[in-house]
Amino acid sequence: MSAGPLVEIRDLRIRFHGDDGRVTHAVDSVDLSVANGATLGLVGESGCGKSVTSLAIMGLLPKQSAEITGAIRFDGLDLLQTPDQTLRDLRGNRLAMIFQEPMTSLNPSFTIGDQIIETILRHRGGSARSARGRAIELLRRVHIPSPERRIDEYPHKLSGGMRQRVMIAMALACDPQLLIADEPTTALDVTLQAQILELMRELKAASGAAIILITHDLGVVAEVCDEVAVMYAGEIVERAPVDEMFSAPQHPYTVGLLGSIPRLDHRAEQLATIEGMVPNMAQPPAGCRFAARCPFVQDACTSAPPPLVEVTPGHLSRCIRAPLERLVS
Amino acid sequence: MALLEVEGLVKHFVADRSLFGRALAHVRAVDGVSFSLEAGKTLALVGESGCGKSTVSRLVLRLIEPDAGTVRFDGRDLRSLDAGALRAFRREAQIIFQDPYASLNPRMTVGQILSEPLALHDLVPAGRRGERVAELLHLVGMEPRLARRYPHEFSGGQRQRIAIARAFAVEPKLIICDEPVSALDVSIRSQILNLLRDLQDRLALAYIFVSHDLAVVKHIADRVAVMNLGQIVETAAADALFAGPRHPYSRALLSAIPLPQPRARRARVMLEGEIPSALNPPSGCRFHTRCPFVIDRCRNEAPGLVADGTGHATACHRVGDLPSADAILPAAAGFSPALEKLVAAFSRKTEGAGPAGVGIQSATPTTP
């Protein structure tokens, strides 16, 4: 196998064509790569394009309305040029995804066992009996108590945390090389979230799969990711190893995000706020998309779109005023 | 005298009935909850789904009737109020809900939404209501001319501002904030939290802040009550609780919060298993099925909520012999000095941009 990254996204652009002829720029010139065994956190607020990016990787965007350009290489294969049949063989097999809502992503009319076994039989074949054995094994791996009994239960009998474990078991059914987790813990209570995050760390260590974790919670990122990409208005505005990102962020948006989190270690009189709103993505601004909300804005920011440049080795920022330390020293 | 005194509140919902309507099973949503709240202060009710925190907030407003217990507001027992007095009480106590998409009537303009309480309680003569609506919008950092718009034209954060303005319209003494920021993005969440604190400082309101997020609670609360399965397991001044949580459940909640610090080294209290159902709560201490410190006594005997001299109360048999909580507390100085400076510079500069920063161009909804 090639020594390059497992997933490499080059200049990905996604536009949605609405019924009324309106075009929305959901994702613009996104470059990303994830190595085998690494966990990449994709961070941003509602509508920044993080989920759309992941759906593009999975080939799950509607063909009629989504116009996708660029390249998504997965293990040497360009997923955007891959025929549907091949994609279907990949999904659930070498590519797997966990969604936010464990309540709606399981089929209520089949037992959880049926749903896991279906995946195994579809991709791996073999006897129903051996598939059932593997399903029980998977449920045990995600710490579901008495899996031999639970396997025949319907989703409605399980709590939210349990269902998310079933979703994870199903995603792991064929030992995927890439696991995309879209806000996997957002719908869960904090103590259950801690359990699921612990489970993800465990599985990452055991399986060596690459993980793309999509979240809006910077705390979750700090706990499980190796690298972070921050998205704003369809673009990646900053990319860095996780320690770097949290110790010396190089984009004002990231600074604002970090400052707006209520913290446990001290009580600020006022939290930082990011004033204003995200730009309308039917007509993205000409210059920096964050300029209108940025306290460090200069004239040059609004004239041309800033490039994503390396500020320190391995740390990229889409801000012409980086390195930001200069602004406060 | 406290503004609000709640004593021995009990609410059981019928979960299942026999063919003839006899109750077969009860959800014990709230089981003996007591607390009090001073005017101008914030009490946070914290806990996970199903712990009864929202039910308590509805009982306090008498939106639902308790099975037992009393709620005294300004010295009056709420159960003794007749319809007229109850209506007057509604003016004193308001609520802000979690979902700003569901709590505003889509067929009413913002102006109508805000003038309805003024008309209902006959606070402002019809001719002057427009003026008051403008004042209210200004109070929550929105432009008065937005009064002509409909809720769908606003983002989640702006809708929550409208909901806050509606609650403030009647000049209440108490506002119940039921997860007011859980549905919002981080940057918007901080705006709303700042707004709530700012309004409290200016208008001396009392808040009951219902939340599952201890970090948010730490930011806003004066006093915290941690609930588990319908009961308060620990209550203390916020500073005391965050500096030294005593109940194993409070510690677990606190240690479960992911910190935005990649190298944060702290011990975790990992809870095993699922949250038990309030339909059939465990015997003895209701936390014993998940508690890492469980002993036999916990399975049989329910612990009482016992306060020490400082008003820090804990319902745990083993409170005396638990290890120190220091290991699970996040280390101070979580941000690097460079980042602290940057955040400070970021906040300073944006403050100059206007108090709440809801501009004209921002009134158009953004494309998802």
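Tabulated data for the structure shown
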{"quantity": "Unmet requirement for B:L205, which otherwise passes all of (1) at the interface with chain A (Cβ under 10 Å from one of its Cβ atoms); (2) in contact with a strand residue (DSSP E or B) (Cβ under 9 Å, 6 or more places away or on another chain); (3) more than 26 Å from B:A315 (Cα to Cα)", "calculated": "(1)"}
{"quantity": "Of residues in region A:98-122 being open to solvent by 20 Å² or more (accessible area, probe 1.4 Å) and touching an Asp or Glu at 6+ places or on another chain (Cβ under 7 Å), the one nearest to A:A181 (Cα to Cα)", "calculated": "A:F99"}
{"quantity": "Considering residues of region A:277-293 that are assigned to a loop (DSSP other than H, G, I, E, B) and open to solvent by less than 20 Å² (accessible area, probe 1.4 Å) only, the residue farthest from the other protein chains (Cβ to nearest Cβ)", "calculated": "A:G287"}
{"quantity": "Residues within region B:212-271 that are farther than 23 Å from A:L197 by Cα, in a loop (DSSP other than H, G, I, E, B) and away from chain A (no Cβ under 12 Å), tallied", "calculated": "5"}
{"quantity": "Number of the condition not met by B:R148 [criteria: (1) modelled with pLDDT under 95; (2) of a type outside the set (S, T, Y); (3) in contact with a Lys or Arg (Cβ under 9 Å, 6 or more places away or on another chain)]", "calculated": "(3)"}
{"quantity": "Residue list for region A:83-100, filter: in contact with a helix residue (DSSP H, G or I) (Cβ under 8 Å, 6 or more places away or on another chain) and among the acidic types (D, E)", "calculated": "A:D89"}
{"quantity": "Qualifying residue in region A:96-110 (condition: more than 30 Å from A:V255 (Cα to Cα) and among the acidic types (D, E))", "calculated": "no"}
{"quantity": "Close pairs from region B:273-285: first surrounded by fewer than 17 Cβ atoms within 10 Å (Cβ to Cβ), partner aliphatic (A, V, I, L, M) and not in a loop (DSSP other than H, G, I, E, B), Cβ under 9 Å, at least 6 apart", "calculated": "B:S277/B:V27; B:L279/B:A15; B:L279/B:A25; B:L279/B:V27; B:N280/B:A25"}
{"quantity": "Pairs where the first residue, in region A:249-262, is more than 7 Å from chain B (Cβ to nearest Cβ) and the second is among the small types (G, A, S) and in a loop (DSSP other than H, G, I, E, B), C-beta under 6 Å, 6+ apart", "calculated": "A:Q250/A:A322"}
{"quantity": "Test for A:T273: is it within 13 Å of chain B (Cβ to nearest Cβ), open to solvent by less than 10 Å² (accessible area, probe 1.4 Å) and of a type outside the set (A, V, I, L, M)", "calculated": "no"}
{"quantity": "Residue that is farthest from the other protein chains (Cβ to nearest Cβ) [pool: residues in region B:185-202 that are touching a residue at least 40 places away in the same chain (Cβ under 8 Å) and more than 19 Å from B:E38 (Cβ to Cβ)]", "calculated": "B:L195"}
{"quantity": "Every residue from region A:63-79 that is at pLDDT 90 or above and surrounded by fewer than 17 Cβ atoms within 10 Å (Cβ to Cβ)", "calculated": "A:E67, A:T69, A:A71, A:L77, A:D78"}
{"quantity": "Set A:R267, A:R321: member being part of a loop (DSSP other than H, G, I, E, B), at pLDDT below 95 and more than 8 Å from chain B (Cβ to nearest Cβ)", "calculated": "A:R321"}
{"quantity": "Any hit, region A:194-214, residues being in contact with a His (Cβ under 7 Å, 6 or more places away or on another chain) and either within 14 Å of chain B (Cβ to nearest Cβ) or not aliphatic (A, V, I, L, M) (or both)", "calculated": "yes"}
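The values are calculated or read from the model by the stated rules, or taken from the named source; none is laboratory data. The structure displayed is predicted, hence computed values, not measured ones. Positions of Cβ are backbone-derived with ideal geometry, glycine not excepted, and every protein chain shown enters the neighbour counts. Ligands, DNA and RNA are stripped out before the accessible areas are found, and what is left, the full protein with its side chains, is counted by its heavy atoms. Shrake-Rupley method; radii C 1.70, N 1.55, O 1.52, S 1.80 Å.
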